[in-house]
Every structure is written in C-alpha cells, then in structure tokens.
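Here's the structure, in structure tokens; my notes come after.
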Amino acid sequence: MTAINQKKSIKLDSSINQILTKSVVNKSTKVDIEEVLQQHLLPKFGERFKQYRKKYINFLADSEHKHLPDYPISVILELVNRCNLECTFCYQGYRNDAEKKTLSIQDLEKLFQDFKKNKLDALLLSQSEPLLYKNFDKILEMAEKAEIMDQFIFTNGVLLNEKNSKKILESSLTRLFISVDAATSETYDQVRIPVNKNALKENRLKKIEENVKNFVKLRNSMGLKIPLVRVSFIALEKNVHEVNDFIEKWIDIVDSVEVQKESSIELYDQLLDKKYDKNKLLLKKYNCNDPWGQVSVNSDGTVGPCCSTVGRNLPMGSILKNSLKEIWDGQKLNKIRQSFRDNKPNRVCQLCLENKKTNNYSGGVVSSCSEIK
Ligand SMILES: C[S@@+](CC[C@H](N)C(=O)[O-])C[C@H]1O[C@@H](n2cnc3c(N)ncnc32)[C@H](O)[C@@H]1O
Ligand code: SF4
C-alpha cells in the first residue's frame, strides 16, 4: 500500500463537504451509555468507579495540566502488529509487511501484575487487529483478574464469529467497538481492503453485519446490556454519501453509532521522509493532554506517550525492561510533559498536532481514544 491515500477528485455537494470538514463525529446513541456503565460497574467497584469517571472527564478538560495521576487512566494495548485488512486510510498499511511481533504471555502477565498493583481503570485492546491474537480470551481473563473496570476491544469484526462472541460474552468486557465504514458492499470493498485478495470474492460486509447482529442477539438473549456495542464509520470521500444510510441501518440494532473524522495518514510520509517544512507550521500553541492520562503499549513492548499511533515514533521505554509505573514516572515522559508546558514539543508531537489542525480534528490522530468517554 502506498503511504499517501490516493484521493480522486470528486465534486462533493456542500452537505457532504460539511461532514468531511467538521471535526465531529456524529454520535447517535440508543441507550444512555453512562447510565448502563454505572448500573454495571458501580455495584462491582463502588467509589473506585465514580473516581474513574471523574478523573477521566477532568483529564479531558485539563488543558493546563494541573493534575498528573499516579498511573495512566487508560492503556491502549497492541497484542500483535498485524491486521487481516489494510484499510485505505489506516497506518496499518505501512506495517503489514513488517516482521511479526506478538507480546508473549510472560510479558503480558508481568504487565497485568503492574496494572493490578496500580489499579488501572481502563484497558483498550486496539491498534492492528486484537482478535488475531490467538488466545485473546486469556487476555480478557487477565484483565478481569487485574480488576480493570472498563475494558474495550476495537475490532474490524472479521473474526467476530460465534465462538469468539461466546468468549467475549463470558468475559468482563465492557465495550465492543466494531469499525464498519460503509453501508454497501461496493463501498466496503473500496475502503476496507482485505490483505488476502481472494476474500474480495465474498460479500464481506454482509458477513460482518451478521457477526455484529448475532453478537447483539446473543448478548440480549443472555439478559446482558454489557458489553456496549458501537459501530463506527470514518467519513471519507469514497463513503461519505452513505453516512445517513449507515446511521439508519444500525441505530435500532446497536447501542451507539459513531461517525468520525478521518485523520490523514500523510503525516507518516513526513515522519518517514523526515520532510519537515517549518514554513507550513500553523499552530502558535501546542497542547496535548494524553501524556497526563494515557499511554500505548506496542506489540514489541515499547511504550508510546499517548493513544495516537503517531506516538509509536516516540518510545518512552519498554515493558520488557521496566515496569509501566517506572516508565510513567520516568524522565522521558516527564520531558514530554515539560515540553508542552514550555510550548516546545518535539518534532513528532508538533507534526501530530499540526496534522490535527490541518484536519480540523479535535481528537487524537488515528484510533483516537481521548474522545471515547
Ligand atoms: C487502528 S483500528 C484497530 C482496531 C481494528 N482493526 C479496527 O479496525 O477497529 C482502531 C480504530 O482506528 C480507526 N482509524 C484507523 N485509521 C484512521 C484514520 N486515518 N483516521 C481516523 N480513524 C482511523 C479505525 O477505523 C478503528 O475504528
Ligand atoms: S483500521 Fe483496523 S482493520 Fe483497518 S487496516 Fe487499520 S487496523 Fe486493520
């Protein structure tokens, strides 16, 4: 896959243009997400759950960085570095040819002990494709034992078959997020491209839609409201005409439907080619809250200072060598925090924030998790 998303020049009408340029993110919900979470997690965790929600909302709003928690509020965990798709808009297309990396169960056990000791609030299994990790149910078991309250899986839904759905429903997962990005099969095949091109002979969208519907049916038949199920749609020139059909198709089936803004992957070209045109910088003030609340742990053990895939270019340490708590308190993360206070971030952070600016995007770059709430 080429790095830069090849965009055809399509003449778009003004309402479509608005969707593509608005920072939002249209969120349609059938249930009160916060209420369902509360009903489920308050009896289990009591005051700790209340503190988590408070801490998380404060973190999103704390642009002056008054509070630094003792440990990240959320950790984004990448189990493998591979995906069975190479979506046109996703950074993963750069990585599917890379040497295979998988976090070992021993390293994960050590990491989850650290989570338990430091009372991690939220864990997001994302980046690449989490369901490609053979024993992902073991990870969910470890998350339950570590008493992590809010547990997310982000998946493309390809492997959300009956067996995996049952494994998920036996776990304490709180949110299952499935990325779909299309209302018709033709469009799906244009944006969510399979690595194995033979798969293009099948009606893949129909299969994923069935997987999601069957999951919800099974969950409901078990009398459960959790995990909350969300489907998402990144608005692109190729699919934006299907936004309304997408929302209508799903709103009565799942708990929430989210339309998100694309974050351009052109940034990676600039990072890889080390092209850096200082004249193109637009921002006067660089700010990012992530290093005060969330980090990513990558499948090679390195830790990024944020939930953004871009943060991969800023290794803060490795869980293969140090505990996450040591990395969180370490010099490298503190240096990044200080650089924002001084408004002098490094090149990667600067480019990441410039990219958000040019995209008119208010969340993180790629697989934004700061906006989840
Ligand atoms: C990187 S994927 C990893 C999990 C899984 N493979 C999936 O597709 O959901 C996590 C989320 O990031 C989103 N994403 C990927 N590339 C993006 C981009 N360029 N802009 C905005 N969101 C993006 C995906 O649509 C997905 O919802
Ligand atoms: S968005 Fe998800 S499914 Fe698509 S290539 Fe990226 S990681 Fe894979």
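Evaluate the Debye formula for the chain with equal point scatterers sitting on the alpha carbons, no solvent, and hand back log10 of I(q)/I(0) at q = 0.08, 0.15 Å⁻¹, in q order, two decimals. The Debye formula, applied to the Cα set alone, gives -0.38, -1.55.
Here, the range 25-92 has an Rg and a Dmax of 16.7, 43 Å when only alpha carbons are counted.
Please compare each pair in LYS30/LYS197; LYS30/LYS261; LYS30/LYS206; LYS217/LYS249 to a cut-off of 25 Å on the Cα-Cα distance and tell me which ones are over it. Each step should come with its number before you reach the end.
Numbers: LYS30/LYS197 36 Å; LYS30/LYS261 21 Å; LYS30/LYS206 22 Å; LYS217/LYS249 16 Å.
The pairs that break the limit, which is 25 Å between Cα atoms, are LYS30/LYS197.
Within the range 169-276, the proportion of Cα pairs with more than 23 Å between them is 40 percent.
Charge dipole of the chain (Cα centre as origin; +1 on each Lys and Arg Cβ, -1 on each Asp and Glu Cβ, all else neutral): 640 debye, rounded to the nearest 20.
Computed from the C-beta positions of LYS284 and VAL31, the FRET efficiency with R₀ = 41 Å rounds to 0.50.
In the range 267-336, which trypsin sites (Lys or Arg not before Pro) fall in coil by DSSP and have 14 or fewer other Cβ atoms within 10 Å? Before the final figure, lay out each step's value.
On the way: sites: LYS274, LYS275, LYS278, LYS280, LYS284, LYS285, ARG312, LYS321, LYS325, LYS332, LYS335; in loops: LYS274, LYS275, LYS284, LYS285, LYS321.
Answer in residue order: LYS274, LYS275, LYS284, LYS285, LYS321.
When the trypsin sites (Lys or Arg not before Pro) in the range 140-179 are filtered for DSSP coil states and for at most 12 other beta-carbon atoms within 10 Å of their beta-carbon, no site remains. Using a ≥ b ≥ c from the Cα gyration tensor of the range 95-146 (square roots of the eigenvalues), is it rounded, prolate or oblate, where a/c under 1.5 gives rounded and otherwise the larger of a/b and b/c decides, a/b for prolate? In terms of gyration-tensor shape, prolate.
Which percent, to the nearest 5, of DSSP beta bridges fully inside the chain are antiparallel?
Details: 9 of 36 bridges.
Bridges in the chain are about 25 percent antiparallel.
Compute the normalised compactness of the range 222-337: alpha-carbon radius of gyration over 2.2 N^0.38 Å, N being the residue count.
Numbers: Rg = 19.1 Å, N = 116, 2.2 N^0.38 = 13.4 Å.
The reported ratio for this selection is 1.43.
Laboratory data are not the source of any read-out in this text; all were calculated from the coordinates shown. Just so it is clear, the model here is predicted, and its values are computed rather than measured. Ideal geometry is used to build each Cβ from the backbone, glycine not excepted, and the neighbour counts take in all protein chains shown.
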